[in-house]
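The values are calculated or read from the model by the stated rules, or taken from the named source; none is laboratory data. Fair warning: this is a prediction, and the values are worked out from it, not measured in the lab. Neighbour counts are summed over all protein chains in view; Cβ atoms, including those assigned to glycine, are modelled from backbone coordinates with ideal geometry. These accessible areas exclude ligands, DNA and RNA; they are computed on the full protein's heavy atoms, side chains included. Shrake-Rupley method; radii C 1.70, N 1.55, O 1.52, S 1.80 Å.
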Amino acid sequence: MSRHTSEYGILSSRVSWVWTLTAPAPFADETNCQCQAPHEKLTIAQARLGTPVDRPVRVYADGIFDLFHSGHARALMQAKTLFPNSYLLVGVCSDDLTHKFKGFTVMNEAERYEALRHCRYVDEVIRNAPWTLTPEFLEKHKIDFVAHDDIPYSSAGSDDVYKHIKEAGMFVPTQRTEGISTSDIITRIVRDYDVYARRNLQRGYTAKELNVSFINEKRYRFQNQVDKMKEKVKNVEERSKEFVNRVEEKSHDLIQKWEEKSREFIGNFLELFGPDGAWKQMFQERSSRMLQALSPKQSPVSSPTRSRSPSRSPSPTFSWLPLKTSPPSSPKAASASISSMSEGDEDEK
């Protein structure tokens, strides 16, 4: 193989990959997607080795695919990745066959076809697929293997519609996804019917479109009004809680700031008026200055005294010491002592 040939092959594979991811899968009856290579019988072991190299292994998966969900997608993913090189064909049964053998569907056949076309694992969609696979159908679409879960599927008077496929060695099992199925989804809708009916009435659907009676319509509308009032009350409560929380946060901030300012004020006060504060030092300095101003230094003891004037006689000295006298024994003695003191003063004069 030359370099240009290999590059062309890589480029074509990339173009095919981009096309499958950006465009829906084609319908089998509208395209020429038939395998043109000789259709030789393959075993599962050969298919797992990636042979034949000239064509992919053609895998077929069929179903109703009503309310297409993740369980369907996972089953198709398993069918697509069974072999290293595979081409996945998906058959979808029509409404007539489905309603006859299984029951009424939520989605019509056109909707189910279109849902399969937009699954990334699907390479080709076969519309109006048969309920039971015939050799003619398998030969027409060059199908190598059929992928489905291995639980016996009883329908159309058969215990297992895939029994002959299993006997021919063309059946490859896939695993079901627990917890999700079309029946489960429908069960949820039926269980919560009132909720969905009320919601669709609120969105503008009529009672006739929902197959709702006049009484039920009024009841649903009344319940919608009650729910609106509950929602308003709930919103008011939430807003009130938010307001209270904001007030609490602000009050907490204010208290914290007040405590900080109080500590700052007390610290400044102690720094100014405390035992070793600046105010005490200033007061002591001013007090010492006032004491110095009020009591100047005394003159020295050895300073010379002024000479006395000769014309003046020295002033008489008086003794202020009290005389020790005995207390008078009687009022007459007291009066006599007073009169004697007065006579003595007269004599001095």
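Annotation: the antiparallel percentage among DSSP beta bridges lying fully within segment 44-180 is about 5.
So how strong a dipole does segment 70-211 carry about its Cα centre when Lys and Arg Cβ are +1 and Asp and Glu Cβ are -1, to the nearest 20 debye?
520 debye
Computed over neighbours whose Cβ is under 11 Å from that of Lys166, the net charge equals -2, Lys and Arg +1, Asp and Glu -1.
Largest accessible area first, the residues Tyr87, Tyr153, Tyr205 order themselves as Tyr205, Tyr153, Tyr87 under a 1.4 Å probe with ligands, DNA and RNA left out.
Which order do you get for Arg289, Arg58, Arg221 if you rank them by accessible area with a 1.4 Å probe, largest at the top?
Arg289, Arg221, Arg58
Assuming charge only on the beta carbon of Lys and Arg (+1) and of Asp and Glu (-1), the dipole of segment 183-287 about its Cα centre is about 1000 debye to the nearest 20.
If the segment from Glu238 to Glu285 were pulled out straight at 0.36 nm per residue, it would be longer than the present Cα-Cα gap by 10.4 nm. You can think of it this way: the chain between Asn224 and Glu139 has 24.8 nm of extra reach, that is 0.36 nm per residue less the Cα-Cα gap. The overall shape of segment 44-180, judged from the alpha-carbon gyration tensor, is prolate: a/c is not under 1.5, and a/b is greater than b/c.
By per-residue mean of other Cβ atoms within 10 Å, what is the highest-first order of 133-143, 59-69?
59-69, 133-143
With every protein chain in place and a 1.4 angstrom probe, the accessible-area ranking of Ser70, Ser181, largest first, reads Ser70, Ser181.
Scanning residues 5 or more positions from Asp149 or on other chains, those with amide H under 5 Å from its amide H are Thr174, with H placed 1.01 Å from N in the peptide plane.
The label point for Asp253 and the one for Val190, both projected 7 Å from the Cα toward the Cβ, are 5.8 nm apart.
Hydrodynamic analysis of segment 183-287 uses the Kirkwood radius over alpha carbon pairs. Inserted into Stokes-Einstein at 10 °C and 1.306 mPa s, it gives a translational diffusion coefficient of 78 µm²/s. Our coupling estimate for segment 125-131, obtained by passing each phi through the Karplus curve with A = 6.51, B = -1.76, C = 1.60 and θ = phi - 60°, is 10, 9, 7, 6, 5, x, 6 Hz, Gly and Pro reported as x.
Annotation: amide H-H contacts under 5 Å for Met107 (H modelled 1.01 Å from N, sequence separation of 5 or more, or interchain): Leu67.
Count Lys and Arg as plus one, Asp and Glu as minus one, and take only other residues whose Cβ is under 13 Å from that of Asn200; the net charge is then +1.
Other residues within the sphere of radius under 11 Å centred on the Cβ of Ala115, judged by their own Cβ, net out at -2 (K and R +1, D and E -1).
Remark: spin-label model distance Ser262-Lys208 equals 7.5 nm, labels positioned 7 Å along the Cα→Cβ axis.
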